[in-house]
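First the structure, in the form of structure tokens, and then the observations on it.
The values are calculated or read from the model by the stated rules, or taken from the named source; none is laboratory data. Everything numeric in this text was worked out from a predicted model, so none of it was measured. Here the Cβ positions follow ideal geometry from the backbone for every residue, glycine too, while neighbour counts run over all protein chains shown. Ligands, DNA and RNA are excluded from the accessible area calculation, which covers all protein heavy atoms including side chains. Shrake-Rupley method; radii C 1.70, N 1.55, O 1.52, S 1.80 Å.
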Amino acid sequence: MAKSTHPALLFTLLFFCYVAMALSTKDFFGEELGVSSVAKKQRHKHSGFSQAECPGACQFRCSKTAYKKPCLFFCQKCCFQCRCVPPGTYAHKEVCPCYNNWKTKSGGPKCP
């Protein structure tokens, strides 16, 4: 016959495995290892821009387009109005509702 394991022992073993996994990816203060909290906040910032920050955000947003001049013009216009630029070089507009919902007279998207 197979020997049955006590449920409390099994629970304790699973608990220690969980704690070991959690500690291996987090340091003592709960930050992910290798990424400081300052770098994490800067990497994901996409809203609350001042007018001085809009050109840099739009420069990155328009970095991969073939139509840089109109992209930069409209991106900056949208950023000055909405104080937000979606992350990345394409899509993700749902992160900035004002940026996403601003339309042209014909109903197309105003912001790149």
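Worth a mention:
- Any hit, region 65-85, residues being open to solvent by less than 50 Å² (accessible area, probe 1.4 Å) and touching a His at 6+ places or on another chain (Cβ under 7 Å): yes
- Where a residue in region 37-60 is over 18 Å from CYS71 (Cβ atoms) and at pLDDT below 95 and its partner, wherever it lies, is exposed (fewer than 10 other Cβ atoms within 10 Å of the Cβ) and of a type outside the set (Ser, Thr, Tyr), with Cβ under 9 Å and at least six apart: SER37/PHE29
- Residue match in region 63-82 (condition: in a loop (DSSP other than H, G, I, E, B) and in contact with a strand residue (DSSP E or B) (Cβ under 8 Å, 6 or more places away or on another chain)): no
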